[in-house]
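What follows is a short report on a single structure.
Every number here is computed from the coordinates shown, using simple stated rules; none is lab data. Source: prediction; values computed, not measured. Neighbour counts run over all protein chains shown; Cβ positions are idealised from the backbone, glycine included.
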Amino acid sequence: MSFASGGASTGLLAATLMVAVSGPALAQAVPAVEPQPDQASLIADLQRQINELKATVADLKAAQTAAASAAVARPEGSVALAQDASPPAALAPSPGLAQAAPVSAVASQDPLQAPPSPVRTSEPWYEKLALRGYTQMRLNKIVSGDANAPAGVSRLRSIGDSGIRDDGNFTLRRVRLVLQGDLNDYVSLYFQPDFATAVSNQSGGERREGFAQLRDAYADVFPTGDKSFRIRLGQSKVPYGWENMQSSSNRLALDRSDGINSAAPGERDLGVVAYYTPSQVQEIWDRLAADGQKLFGNYGAFGLGVFNGQGLNRTETNNNVMKVALATWPFKLDGLGLEGQVLEVGGSMMRNRINPEVRSGGISPISYADNRVGLHAILYPQPFGLQAEWNWGRGPQFDPVNQQIETRALRGGYVQAMARVRNSPVGSFYPFARWQYYRGGFKAATNAPRLETEELEVGIEFLPTSALELTVTYGWASRREADERRFGQAEGELLRIQAQWNY
């Protein structure tokens, strides 16, 4: 081959490479070269390489266009396929075109390609947990009766609300925050402090308000992933009494009754409890919840637990555990012609030994029997309803004659009638009336004093919006103060108003 013909071949090859990089338009602008007979095979090979380059460029443009579209359309946290995948074998450059840019280098020049972002293997913690709560502000007024009394004589007071006193006005009864959520299919958590706790003896016996106190701190474990069965670990409600289990944010009466709440003052203790809810029961409760009924909470139809037994936030003082069981079952009454009505009945039992606090300081060295059994029945208001509980048992009680704590019999409970008005100019509301009765010791107070309570209370709860509830009650009370140094019955009338806001 002559030098001239070799130069022409070299020029033609350079022009061909420019065509491959620049695209079809540039290739058409190159002047045609008249083939010579001895160059026919070389030109045919070059033409084949040109065709391969054209196909490669077309494939690269298509891949870049797809990558740009994916970068715009894919959700946050995903990764473009082009960043993870290796170039296909069909797009690899021909051995004769080693000078062409690598596929990865061309792809990296795409200005629309998003930078790599990490792949989320699970939801972050702040998407698994929810924060909610409620606050209750009260005004208590002793309208008439024994607002005050000399030493040794009972004053009109309540174990359910320390804001009932002769010189009281506004108080914050509860300020609750709840952090809860499912950590996965097998474990959930629940954490609730209260920021309206009062403490005494801060300055010569002065009472101070607004301290934080732990109420609930537990984890629910679902061994099979089925939430019909759960094991609750930590500080939680003691499954005794329907009213004790019901949240104070749902209850109509402002306070729990003395007879039922005296079984578990504060309603909580530290331990382990198992709950089981059959699907047919959960279906009824779900329907009642959707209807806006005031249920007793996220607890099972059957509960069985063991706890320390000393009470809320109190150190264990003996080797005994409190054993508690609860069963409750709702029945549809549609077959009796009461469309939509549900009657729920059940019972509770408790076996425990407790060391009460004593007036001389510390706790009693003697552990006393603390055993009870109770029954409950609730006819949900649709529009009229009834609710009743009663319990019997034996527990610690101070004997003023012997000046010591002894195990004595106890009994008490309540009956409540209520109605529900769904629509009115002021929103939905619940009128109600409750009578309560109790005779027995109060183990949560110093020296376990005897209580003698009889009270009739009427009230109405307004719900102008889901975020605000207003309750007004008026009561006639006959009570013995929870202090073993005071005797007799205090009597009087009480006006009470509460505003509750939910968040």
Checklist entry - Can you work out ³J(HN,Hα) from phi for every residue in segment 437-452, in order, using Karplus 6.51 cos²θ - 1.76 cosθ + 1.60 and θ = phi - 60°, giving whole Hz and x for Gly and Pro? => result 8, 7, 9, x, x, 10, 5, 7, 9, 4, 6, 6, x, 7, 9, 10
Checklist entry - Using a cut-off of 13 Å between alpha-carbon atoms, which aspartates and glutamates can reach Lys323, once sequence neighbours fewer than 8 places away in the same chain are excluded? => result Asp269, Asp370
Checklist entry - Taking other Cβ within 10 Å of each residue's Cβ, how do Tyr437, Tyr380 sort, fewest first? => result Tyr437, Tyr380
Checklist entry - Got a sec? How would Asp59, Asp194 order by Cβ neighbour count within 10 Å, fewest to most? => result Asp59, Asp194
Checklist outcome for this item: The lysines whose Cα lies under 24 Å from the Cα of Lys332, excluding any fewer than 8 residues away in the same chain, are Lys227, Lys294
Checklist entry - Fewest to most neighbouring Cβ within 10 Å: what's the order for Ser200, Ser348? => result Ser200, Ser348
Item to check | Whole-Hz ³J(HN,Hα) from phi, Karplus 6.51 cos²θ - 1.76 cosθ + 1.60, for segment 249-257, glycine and proline x | outcome: 6, 9, 5, 6, 5, 5, 10, 6, 6
